[in-house]
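S.K.: There's a structure below that I have some questions on.
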Amino acid sequence: RTGDLQAQDEKIAAQKESIEMLSEIGRKITASLDLNTILFKLYERVNQIVDANIFGVGLYRPEQNLIEYTLAIENGKRYTPYTRSMDDKNQFAVWCIDHRYPILINDVESEYARYIETYEHDGGLLEDGSQSQPPQSMIYLPLIAKDHILGVLSIQSLKKNAYTKEHLQLLQTLASYTSIALDNADDYLTINQRETELSERA
């Protein structure tokens with residue numbers, strides 16, 4: 001019984017620590033109104049929570065029917081900016097946005113068929129010219145604010161069985177903070193554009 005109580009106390013302490021850490025991360029992310037600052041702050045903090053060899057945020061552009069990756073990083077090296085067409089249904093990011101539901105995979109080769117028909121690592125280029133490595137585990141989370149889909153957050157590992165349901169729950173909280181920050185940044189940009197247009201007319 002003493003062992004059980006000690007285990008419960010440790011679990012509660014760990015949960016409290018996670019909540020405090022997420023709250024601090026959330027404050028720092030939502031404090032900025034600049035898109036690049038938000039994304040880099042998010043990248044810096046994600047590795048505090050999970051093993052994230054590969055990190056990316058794709059912004060949904062409905063008018064162009066695509067997902068735009070302005071920031072994607074593998075082991076500290078940035079990917080060359082790229083896009084994904086929403087018509088390509090064999091993309092995890094497309095499935096995540098279409099279904100507005102997270103993806104959790106711990107063995108890509110044996111689990112991809114739960115989400116897409118075929119999977120092939122496209123071997124994207126990093127900015128230094130090197131090839132990206134194929135991930136073995138991945139989490140995709142939709143970024144939603146005010147019932148609008150803003151994009152997708154992707155965390156991937158080069159190891160199998162890298163993620164748990166607890167990791168997913170923590171990252172869902174982080175995705176919520178990110179959605180708020182992106183929505184605030186978008187509102188701020190819109191207001192600035194309107195003010196510029198009004199001043200030009202005046």
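Since every read-out is calculated from the coordinates, none of them should be taken as a lab result. The shown structure was predicted, so the numbers you read here are calculated from the model rather than taken from an experiment. In this analysis, Cβ positions are derived from the backbone assuming ideal geometry, glycine residues included, and neighbour counts consider all displayed protein chains.
S.K.: Roughly how many nanometres apart are two label points built 7 Å out from the Cα toward the Cβ at LEU125 and ASP98?
M.R.: 2.9
S.K.: When the Cα atoms of the stretch 45-141 are enclosed in a convex hull and the volume is divided per residue, what value in Å³ results?
M.R.: Residue-normalised Cα hull volume stands at 103 Å³.
S.K.: Could you pull out the chymotrypsin sites (Phe, Trp or Tyr not before Pro) across the stretch 67-101 that fall in loop regions by DSSP (anything but H, G, I, E, B) with no more than 16 other Cβ atoms inside 10 Å?
M.R.: Sparse-neighbourhood loop chymotrypsin sites (Phe, Trp or Tyr not before Pro): none present.
S.K.: Take the alpha carbon gyration tensor of the stretch 84-164, find the square roots of its eigenvalues, order them as a ≥ b ≥ c, and report rounded if a/c is under 1.5; if not, report prolate when a/b exceeds b/c, else oblate. Kindly include the intermediate steps, with their values, before the conclusion.
M.R.: Working: a/c = 1.56, a/b = 1.31, b/c = 1.19.
Prolate, since a/c reaches 1.5 and a/b exceeds b/c.
S.K.: Right, here's the next one. What is the spin-label model distance, in nm, from LYS160 to ASP107 if the labels are put 7 Å beyond Cα along the C-beta direction?
M.R.: 0.5
S.K.: So if we plug the beta-carbon distance of SER176 and ARG114 into 1/(1 + (r/R0)^6) with R0 = 25 Å, what FRET efficiency do we get, rounded to 0.05?
M.R.: 0.55
S.K.: What shape does the stretch 61-113 have by the C-alpha gyration tensor, where a ≥ b ≥ c are the square roots of the eigenvalues, rounded means a/c under 1.5, and otherwise prolate means a/b greater than b/c and oblate the rest?
M.R.: Because a/c hits 1.5 or more and a/b fails to exceed b/c, the stretch 61-113 counts as oblate.
S.K.: Report, by chain and number, residues whose modeled amide H sits under 5 Å from the one on ARG78, excluding near sequence neighbours (fewer than 5 apart, same chain).
M.R.: GLU127
S.K.: Now for a separate question. FRET efficiency for ASN47 and ARG201, Cβ-Cβ distance as r, R0 = 41 Å, nearest 0.05?
M.R.: E(calc), rounded to 0.05, equals 0.30.
S.K.: Please list, in order along the stretch 123-130, the HN-Hα scalar couplings obtained from phi with the Karplus expression 6.51 cos²θ - 1.76 cosθ + 1.60 (θ = phi - 60°), rounded to whole Hz, x for Gly and Pro.
M.R.: x, x, 8, 8, 5, 8, x, 7
S.K.: Let me ask another. Please give the FRET efficiency for ASN65 paired with ASP147, using the beta carbon to beta carbon distance and R0 = 22 Å, rounded to the nearest 0.05.
M.R.: 0.65
S.K.: Turning to a different aspect of this structure: From the residues SER154, TYR119, PRO81, which one has its Cα farthest along the dipole of the stretch 81-170 in the positive direction, the dipole being from +1 and -1 charges on Cβ of Lys/Arg and Asp/Glu about the Cα centre?
M.R.: SER154
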